[in-house]
Amino acid sequence: MQRRLFIQSTAALAAAPPSKPHSAQVKQHNNKPTLFLNGQPIIASFYALTDCIGGRFSFDEQPQQSIRQFAAIGFKLYQLDLFMADCLTQPGPLNLDLARRQIRGVLNACPDAAVVLRWHLNAPQWWKDQNPNELTHYDNGDFETPDRKLPVRTMQDDLRRTPRASIASSLWFDLAQSKTIELLKGLAKTPEGNALIGIHVANGVYGEWHYWGFMRNEPDTAAPMQTHFANWRKSKGKSTIPVPNSAERKALDVGIFRDPTRREHVIDYYRCQQELVANRIIDLCATVKKHWPRPILTGTFYGYFFSVFDRHATGGHLELHKILASPHVDYLSAPQSYGPAYRDPGSCGITRALIETIRLNGKLFLDEMDQTPSWKWRNDVDAAFELTNLNEDIALIRRNILEGYTRGAGHWYYDFGPANNSGWWADKRLMAEIDQLHKVLNKYHQRNYEPAGDVLAVFDTEVFYYTGSIQGTDPLTDPLAVNRTITSLYKTSAAIETIHLNDLDKIDLTRFKTILFANTWHMTAAQRTFIKTKVIGKDRHVIFQGLPGYIDGKKLSIDFSREVTGLNLEPTTEAKFQPALKATSTPANVLFFTTPPTDWRPILKQTATHLYTDHDDIIHTGGGLLLLHTKTGGPRLIRLRNGKTIQTTLPPNHSLLLNAETGEKLL
């Protein structure tokens, strides 16, 4: 085995690098943020290896085969994971050998490839041993020592209370910055550096900038965070106080809410932690831009909103607009949302981010397609795995890729593989489907992009500073108003778009027949006025649910909700959460629901929303394309927006791709 890997790595080092250095930028083109490679617009469609043992090194046998398969169908863009800890196994200079071999492995399969490195800044073990006071601590318990019988991936226990450098640690961040500079300056002098077009900065849980251990634990009470929080409070003219403990974080005052006058210290801590993470990302991206000799992409995982497991304040991404405002960040990315309600056949398959908000703020969004095909272990020496449902696999590939593309985004295929060593799409039938899909998207990518939704779902992140952050303490906001709302809203055959409340003034509201305010309990006075004067009107239906505008950041008041909705709202005890409101009457064009509905089709039928079919089909449309995804199949009358109709019969678990104007079947 070692001899084989040696031969492979030697072959990879012999591959010819690009004759001219690649450069990359994101610029506005054809009405959307677009990736430019060497000055030319290109579809942002990547193939990416996993970070798992056996599948992460481009020069290993299975990953090399996978890269060659994607290269054979025209893929030029690749992403590879690289850990600082693997390049810094002892104090001293960074070892560039692995970075060079990673890039060379791709070039060996695709000589004109352009490579983005996912640069994980996890502290090396020796550094953690030398700096125990710089590690994240958790209020709910000491470090855990998981009993592992087999080798594990570097990020295996990120959700546990395991030793991880505090994101507030200046010592860790100085190391991360200096070694990032060292990586860039070193690669710039090598032939492999010619192929480098981007750095994806990664840290936190799974490299996705969730705070360490966030799902089940309460970080960060370590000394670096205590100091950082004290300094943050001082900068606001406030007295210094310790990081809040678990009991303080759990305490609520009015049902699901923290009263800002009583829980300022908890709200401040969450805001401090969230701003810290966002600033680390911005500073790292700025460092990359500064220390590379030509235009280079910078991006990261950020902007997660759906399926954040009711833990937004503790480990979500609440400072989205701080990132979007930075000139140092070119793109954001996220995987598809998790769970059956998002990923099963017949579900929407949408990403975890608010793509439209990211696009409207001039950033490229890259959707991570990481859903496994139907591989089954056979325990057969000749064919260890086999596909069990090819038609469903093809349907999900189409659905998952089109949901981002139709909203103006790019994507990458992130290849864990059947045994975590790449090869998820190795079956030639799946590669044939990806080939066809890639050709269609390349063609339509060259056209001017036009969005096509007429239902706008408005969401907010600010609200999570004020609502229960311990799982189970807020049964409304994340589970119902966010996740149940969006997954059920898509099951209407309507074309949906999503947006952050802060960007409502950036979008053409005249396109929308229905606007839904989903979890917008927090509103400023200016936002309330904008909604009253610019959103509510006779030309569309406006739907409110839950507690619209109930808090302005300073106090809680039902009068805010009455003001923004224009409705006579009264308290009710009939909901499973408190506070709760009910409307005693509503005008024809305004609807109000105390509890977010589960069936949106009959509601949208009351509006002028265009429904493409008479079923609960998923519609993804935009950029000239229309994808219809169905679980049940059967006869369908498809009604296009221009009045054309298509009569067809669809098989179960199917995704039909059409030209949105002509109805021509593309796939």
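The values are calculated or read from the model by the stated rules, or taken from the named source; none is laboratory data. Keep in mind that what you see is a predicted model, and the values were worked out from it rather than measured. FYI the Cβ positions are ideal-geometry reconstructions off the backbone, even for glycines, and counts take in every protein chain you see. Just so you know, the surface numbers come from the protein's heavy atoms only, side chains and all, with ligands and any DNA or RNA stripped out. Shrake-Rupley method; radii C 1.70, N 1.55, O 1.52, S 1.80 Å.
Pairs of lysine residues in segment 305-464 that meet both criteria, 8 or more places apart or on different chains and Cα atoms under 24 Å apart, total 5. Based on protein heavy atoms only, segment 355-469 ends up with 33 Å² per residue of surface accessible to a 1.4 Å probe.
Under the convention that each Lys and Arg Cβ holds +1 and each Asp and Glu Cβ holds -1, the size of the dipole of segment 525-603 around its Cα centre is about 200 debye. Solvent exposure of segment 154-209 amounts to 26 Å² per residue of accessible area, where only protein heavy atoms count and the probe is 1.4 Å. Along segment 161-166 the Karplus relation, 6.51 cos²θ - 1.76 cosθ + 1.60 evaluated at θ = phi - 60°, assigns HN-Hα couplings of 7, 10, x, 9, 4, 4 Hz to successive residues, with x for each Gly and Pro. Residue by residue, segment 583-590 carries 3J(HN,Hα) couplings of 9, 7, 6, 9, x, 4, 9, 10 Hz when phi is fed to the Karplus relation 6.51 cos²θ - 1.76 cosθ + 1.60 (θ = phi - 60°); x denotes Gly or Pro. Taking the Cα centre of the chain as reference, the dipole from Cβ charges on Lys and Arg (+1) and Asp and Glu (-1) amounts to some 1180 debye. Multiplying the residue separation of Glu386 and Leu509 by 0.36 nm and removing their Cα-Cα distance gives an extension gain of 39.5 nm. In a DSSP loop and with at most 11 other Cβ atoms within 10 Å, the trypsin sites (Lys or Arg not before Pro) in segment 503-545 are Lys538. Please give the Cα centre distance for segment 605-646 versus segment 556-572, rounded to the nearest Å. Each part reduced to its Cα centre gives a spacing of 36 Å.
Distance from the Cα centre of segment 455-496 to that of segment 48-120, in angstrom? Segment 455-496 and segment 48-120 have Cα centres separated by 37 Å.
Global dimensions of the chain from alpha-carbon coordinates: Rg and Dmax equal 25.0, 77 Å.
Of the solvent-accessible surface of segment 457-560, computed with a 1.4 Å probe over protein heavy atoms with every protein chain present, carbon and sulfur atoms account for 50 percent.
Under the definition of Cα pairs under 8 Å and six or more residues apart, what whole-number percent is the relative contact order of the chain? Could the numbers behind the result be given before it?
Details: 1434 pairs, mean separation 84.3, N = 667.
Over the chain, the number comes to 13 percent.
Computed in the context of the full set of protein chains, the accessible area of segment 63-203 at 1.4 Å probe radius has 47% of its extent on carbon or sulfur.
Packing-based ranking of 321-328, 639-646 yields 321-328, 639-646, ordered from highest to lowest mean Cβ neighbour count within 10 Å.
With +1 on the Cβ of every Lys and Arg and -1 on the Cβ of every Asp and Glu, and nothing else charged, how large is the dipole of segment 558-637 about its Cα centre, in debye rounded to the nearest 20? Present the calculation step by step, with values, prior to reporting the outcome.
Details: 7 positive and 8 negative charges, 40 e Å.
Dipole size: approximately 200 debye.
Residues whose amide H comes within less than 5 Å of that of Arg118, counting only those at least five positions distant or on another chain, are Leu80, Asp81, Leu82, His200 (H built at 1.01 Å from N in the peptide plane). Other residues lying with their Cβ under 13 Å from the Cβ of His29 contribute a combined charge of +4, Lys and Arg counting +1, Asp and Glu -1. Amide H to amide H distances under 5 Å link Asp617 with Ser493, where only residues 5 or more positions off or on other chains count and H is placed in the peptide plane. Using the Karplus relation 6.51 cos²θ - 1.76 cosθ + 1.60 with θ = phi - 60°, the per-residue 3J(HN,Hα) values for segment 301-314 come to 7, 6, x, 4, 9, 8, 6, 9, 6, 6, 10, 4, 5, 6 Hz, with x marking Gly and Pro.
Computed as a quarter of the hull surface, the mean projected area of the alpha carbon convex hull for segment 333-417 stands at 5.9 nm².
Potential lengthening of the chain between Ser557 and Phe593 amounts to 11.2 nm, from the contour at 0.36 nm per residue minus the alpha-carbon distance.
Between segment 320-344 and segment 192-214, how many Å separate their Cα centres? If we compute the Cα centre of each part, the gap is 13 Å.
Classify segment 281-365 from the C-alpha gyration tensor, please: rounded if a/c falls under 1.5, else prolate or oblate depending on whether a/b exceeds b/c. Note, shape of segment 281-365 comes out prolate.
Hey, any idea what the orientation-averaged projected area of the convex hull of segment 573-667's Cα atoms comes to, in nm²?
Numbers: hull surface 34.0 nm².
The orientation-averaged projected area of the Cα hull of segment 573-667 comes to 8.5 nm².
Counting only protein heavy atoms and a 1.4 Å probe, tell me what percentage of segment 210-317's accessible area is made up of carbon and sulfur. That fraction is 50 percent. Taking only the alpha carbons of segment 563-629, we obtain Rg and Dmax values of 16.3, 47 Å in that order. Taking amide H as placed 1.01 Å from N in the peptide plane, Phe385 has its amide H under 5 Å from the amide H of Arg378, each at least 5 places away in sequence or on another chain.
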